[in-house]
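Here's the structure we're looking at; comments come further down.
The values are calculated or read from the model by the stated rules, or taken from the named source; none is laboratory data. No experiment lies behind these values; they were computed from the predicted model shown. Note that we place each Cβ from the backbone using ideal geometry, even for glycine, and neighbour counts take in every protein chain shown. Keep in mind that these areas ignore ligands, DNA and RNA; they rest on the heavy atoms of the full protein, side chains included. Shrake-Rupley method; radii C 1.70, N 1.55, O 1.52, S 1.80 Å.
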Amino acid sequence: MSRILVVCLGNICRSPLAEGILLHLKEKHQLNITIDSAGTSNYHIGEAPDARTVANAKKHKVDLSPLRARQFQQSDFDNFDRIFVMDKSNKRNVLNLARHENDIAKVDLFLNLLHPGEDLEVPDPYYGGEEGFEHVFNLVWNASEKLIAEFK
Ligand code: 4NP
């Protein structure tokens, strides 16, 4: 059993997309894992994911419509085994709440699944155009498949 949390800033673009893709792959492969997402900010608490992210994911047969934004909290270190962040700023914000080495060891950049140790970031698509959302979908899909392969 593994409990996985994906984290970005707003919890309306990148991390709900990762949550939706991971849930889609969990279902497809009938895996016994827990998936959730959160944002480091309080900007969008309770909101559905960004309509552009929802529409792009839908094109790829991934349903984000049931998801709602919540804020990352210190108790997430107790409730999850692994915490994946989308960029270095998310990582700093999450690590600011870490209490000890055990918490710190749970945190890594999501794209390190694809490119270990390179510390690449999933860009924030919020202020860009449709091609940004497509690019983010592909990055997050590929990293998610890599993660899911560990549990097959
Ligand atoms: P996310 O994107 O962190 O991928 O959910 C953002 C969404 C909203 C904002 C920033 C990033 N915002 O500033 O409202």
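Take the residues of the stretch 135-152 that are of a type in the set (Gly, Ala, Ser) and within 16 Å of the ligand (Cβ to nearest atom): which is nearest to LEU31 (Cα to Cα)?
That would be SER144.
When the residues of the stretch 10-25 are filtered to those that are in a helix (DSSP H, G or I) and touching a Ser or Thr at 6+ places or on another chain (Cβ under 7 Å), which remaining residue is farthest from the ligand (Cβ to nearest atom)?
Ranking the qualifying residues of the stretch 10-25, first place goes to LEU25.
If you go through the stretch 26-49, how many residues are acidic (Asp, Glu) and near the ligand (Cβ under 10 Å from one of its atoms)?
First, the residues of the stretch 26-49 that are acidic (Asp, Glu): 27, 36, 47.
With near the ligand (Cβ under 10 Å from one of its atoms) added as a condition, the list becomes 47.
Looking only at that region, the number is 1.
Working only within the stretch 14-31, note down all residues that are open to solvent by 10 Å² or more (accessible area, probe 1.4 Å) and either touching a residue at least 40 places away in the same chain (Cβ under 8 Å) or of a type in the set (A, V, I, L, M, F, W, C) (or both).
Across the stretch 14-31, the qualifying residues are GLU19, LEU23, LYS26, HIS29, LEU31.
Conditions (1) away from the ligand (no atom under 13 Å from the Cβ); (2) in contact (Cβ under 8 Å) with a residue 12 or more places away in the chain; (3) closer than 18 Å to GLN74 by Cβ, marked per residue:
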site	(1), (2), (3)
ASP87	no, yes, no
ARG92	yes, no, yes
LEU95	yes, yes, yes
GLU101	yes, no, yes
ALA105	yes, no, yes
ASN112	yes, no, no
GLU121	no, yes, no
TYR126	no, yes, no
PHE133	no, yes, no
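What residue, among those in the stretch 26-49 that are in a helix (DSSP H, G or I) and in contact with a Phe, Trp or Tyr (Cβ under 9 Å, 6 or more places away or on another chain), is nearest to ILE83 (Cα to Cα)? Don't jump to the end; show me each part of the working.
Quick first cut of the stretch 26-49, residues in a helix (DSSP H, G or I) only: 26-29.
Next cut, in contact with a Phe, Trp or Tyr (Cβ under 9 Å, 6 or more places away or on another chain) only: 26, 29.
On the way: LYS26: 17, HIS29: 21 Å.
The selected residue is LYS26.
Answer yes or no as to whether VAL136 is among the β-branched types (Val, Ile, Thr), in a helix (DSSP H, G or I) and in contact with a helix residue (DSSP H, G or I) (Cβ under 8 Å, 6 or more places away or on another chain).
Against the criterion (among the β-branched types (Val, Ile, Thr), in a helix (DSSP H, G or I) and in contact with a helix residue (DSSP H, G or I) (Cβ under 8 Å, 6 or more places away or on another chain)), VAL136 qualifies.
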